[in-house]
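Just below is one structure, and these are the notes that go with it.
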Amino acid sequence: MTSADLVVIGGGQSGLATAHVALRRSLRPLVLDASPGPGGSWPSYYDSLTLFSPASFSALPGRAFPGDPDRYPVRDEVVDYLAAYAAGLDAEVRFGARVERVTADGGAFTVAVADGSEVRAPAVVAATGGFGTPYLPTLPGLESFTGRVLHAAQYRNPDGFAGARVVVVGGGNSAVQIAVELAGVANVSLATRRPLRFQRQRILGRDFHWWLTRTGLDTSSWGPRLVAGAVPVIDDGRYRAAIRAGRPDHRPLFAQVDGDRVWWADGTVERVEVIVLATGYRPDLPYLAGTGALDGQGLPRHAGGVSAAVAGLGFVGVERQRSFASATLRGVGRDAGFVLDGLLARAGRHAAGSGR
Ligand code: FAD
């Protein structure tokens with residue numbers, strides 16, 4: 001059995017930023033990542049993915065995003081950036097190391113890896129994102145659908161969709177981007193429960209993230225409370241224009257699916273060949289089952305990323321765990337600092353308490 005000061009589970013941006021921040025606090029982290037190589041889930045995202053934040057707002061702590069700071073980098077640039085970030089870290093990052101189970105005993109954790117190895121550490125940060133747990137909503141009759149159903153996690157590009165009748169379900173950035181892309185080759189409807197909300201990407205010549213940062217909204221804990229509900233679709237104008245032009249058309253979510261047919265809310269019925277569920281993700285934390293760290297829905301019980309149930313355990317990369325910036329490239333370093341300070345403070349209190 002090996003040991004470390006901190007085991008970071010997940011070597012995507014959240015895990016790497018956590019390791020960087022841990023090194024700055026003189027801790028010896030070990031990063032365990034199930035993937036064969038660096039980049040977290042970015043290599044699996046769809047081919048056309050372009051960041052919604054400019055390079056200057058897409059960096060992890062300690063390493064600038066290369067190139068023009070005002071441009072919007074594409075997916076593979078993020079993969080390259082994360083590979084360089086991992087290579088530059090003065091910490092061990094083990095790829096191909098899937099954590100199967102974490103157990104807490106005697107004030108420390110035992111982290112069991114699929115290859116049979118174990119690591120012992122006084123602190124663990126879970127940074128495994130959500131890509132392993134795509135959210136599949138219950139939609140009336142969907143189980144009877146005889147066409148093709150896929151989650152946005154499985155979508156790569158429009159190849160194979162030419163001429164198809166497609167319904168994309170969801171009102172977030174991925175849903176709109178995929179629906180507009182597919183509408184270039186297929187007959188696409190974007191179906192949502194609520195009206196779409198758009199956010200102009202640039203305001204008075206500045207990127208939206210510049211304003212978010214300037215106003216303090218990006219990193220304040222009251223930001224998500226102030227603007228509750230769905231994340232807006234960030235748009236340079238092209239998505240609204242495409243939807244206005246009916247490519248794709250936008251309509252309320254269907255009432256029922258039956259076999260190869262979809263019943264729309266206005267009573268019309270039609271044959272559909274493909275349903276794409278762009279319905280988001282949930283934290284992917286199966287290895288924490290049995291620790292008491294998760295609630296009945298498998299979500300972490302936490303305060304700002306510090307486990308409210310298990311001493312020494314933290315989370316980084318949970319959506320809105322502290323602010324709008326949480327779970328984004330620009331936000332995970334800050335959250336990692338908060339979580340590690342919380343774990344260290346608690347460890348200090350325990351040490352002080354046990355010494356008395
Ligand atoms: P991931 O990238 O998912 O990495 C998690 C890592 O954990 C993976 O390498 C995985 O192999 C590993 N892992 C999982 N389970 C285990 C286990 N049991 N043991 C060991 N390792 C494990 N953010 C932005 O800032 N700007 C954007 O423009 C942007 N666009 C996005 C577009 C899409 C389509 C999506 C889905 C998200 C986007 N995000 C964006 C949000 C966020 O930045 C990404 O989701 C990012 O990949 C999250 O990083 P992460 O490290 O938290 O998780």
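The values are calculated or read from the model by the stated rules, or taken from the named source; none is laboratory data. A quick note: this is a predicted structure, and the numbers were derived from the prediction, not measured. Methodologically, a virtual Cβ is constructed for each residue, glycine included, from the backbone with ideal geometry; neighbour enumeration extends over all protein chains shown. These area figures cover heavy atoms from the full protein model, side chains too; ligands, DNA and RNA do not enter into them. Shrake-Rupley method; radii C 1.70, N 1.55, O 1.52, S 1.80 Å.
Using alpha-carbon pairs under 8 Å, 6+ residues apart, how would you state the relative contact order of the chain in percent?
On the way: 741 pairs, mean separation 74.3, N = 356.
It rounds to 21 percent for the chain.
The alpha carbon gyration tensor of the range 229-340 gives principal lengths a ≥ b ≥ c with a/c of 1.5 or higher and a/b no greater than b/c, which makes the shape oblate. Working ranking of peptides 289-297, 232-240 by packing, defined as the average number of other Cβ atoms within 10 Å per residue, highest first, is 232-240, 289-297. Shape class for the range 21-96, computed from the alpha carbon gyration tensor (a ≥ b ≥ c): oblate, with a/c not under 1.5 and a/b at or below b/c.
Whole number in Å², please: accessible area per residue of the range 3-90, 1.4 Å probe, ligands, DNA and RNA not counted.
Numbers: 3430 Å² over 88 residues.
Accessible area per residue, the range 3-90: 39 Å².
When you count, for each residue, the other Cβ atoms within 10 Å and take the mean per peptide, how do 123-130, 212-219, 35-42 rank with the highest first? All intermediate terms of the calculation are to be shown ahead of the outcome.
Values: 123-130: 27.4, 212-219: 15.5, 35-42: 18.6.
The packing order, highest mean first, is 123-130, 35-42, 212-219.
Give the accessible surface of the range 91-164 per residue, rounded to a whole number of Å², with probe radius 1.4 Å and ligands, DNA and RNA excluded.
Per residue, the range 91-164 has 49 Å² of solvent-accessible surface.
Carbon and sulfur: what percent of the range 101-228's accessible surface (1.4 Å probe)? Can you show the working numbers first?
Values: 3300 of 6170 Å².
That share works out to 53 percent.
Within the range 253-312, the trypsin sites (Lys or Arg not before Pro) that combine a DSSP coil assignment with at most 15 other C-beta atoms in a 10 angstrom radius are Arg301.
Accessible surface for the range 263-356, divided over its residues, is 45 Å² per residue with a 1.4 Å probe. Full extension of the segment from Leu344 to Gln256, taken as 0.36 nm per residue of separation minus the current Cα-Cα distance, would add 26.5 nm. Computed from Cα atoms, the angle from the helix 13-24 axis to the main principal axis of the chain rounds to 20 degrees.
Taking R0 as 41 Å, what FRET efficiency do you get between Ser26 and Ala309 from their Cβ-Cβ distance, rounded to the nearest 0.05? Working shown, then result.
Details: r = 27 Å, r/R0 = 0.66.
Taking R0 as 41 Å, the efficiency between Ser26 and Ala309 is 0.90.
Using the Karplus relation 6.51 cos²θ - 1.76 cosθ + 1.60 with θ = phi - 60°, the per-residue 3J(HN,Hα) values for the range 91-96 come to 8, 7, 10, 9, 8, x Hz, with x marking Gly and Pro. Note on the range 306-350 and the range 16-91: Cα centroid distance 18 Å, given to the nearest whole angstrom.
For the range 1-54, what does the relative contact order come out to in percent, with C-alpha contacts under 8 Å and a separation of six or more?
38
Please give the net charge around Glu270, taking every other residue with its beta carbon less than 10 angstrom from that of Glu270, where Lys and Arg add +1 and Asp and Glu add -1. That sum, taken over residues with Cβ under 10 Å, equals +2.
Charged side chains reduced to their Cβ positions (Lys and Arg at +1, Asp and Glu at -1) give the chain a dipole of some 1080 debye around its Cα centre. Amide H contacts for Ser3 (H built 1.01 Å from N in the peptide plane; partners 5 or more residues away or on another chain; cut-off under 5 Å): Arg120. Hydrodynamic radius of the chain by the Kirkwood approach over all distinct alpha-carbon pairs: 21.7 Å. Packing, as the average of other Cβ atoms within 10 Å across residues, places the peptides 323-329, 53-59 in the order 323-329, 53-59, highest first.
Between Glu100 and Thr213, the simple spin-label model (points 7 angstrom out along Cα→Cβ) gives 4.4 nm. Label separation (Val269 vs Val74): 4.5 nm, computed from points 7 Å beyond Cα along the C-beta direction.
How many percent of DSSP beta bridges within the range 1-109 run antiparallel, rounded to 5?
25
Taking only protein heavy atoms and a 1.4 Å probe, the accessible area of the range 233-307 is 49% carbon and sulfur. Ordering Ser220, Gln154, Ser35 by the projection of their Cα atoms onto the charge dipole of the chain, which places +1 on the Cβ of Lys and Arg and -1 on the Cβ of Asp and Glu, puts Ser220 at the extreme positive end.
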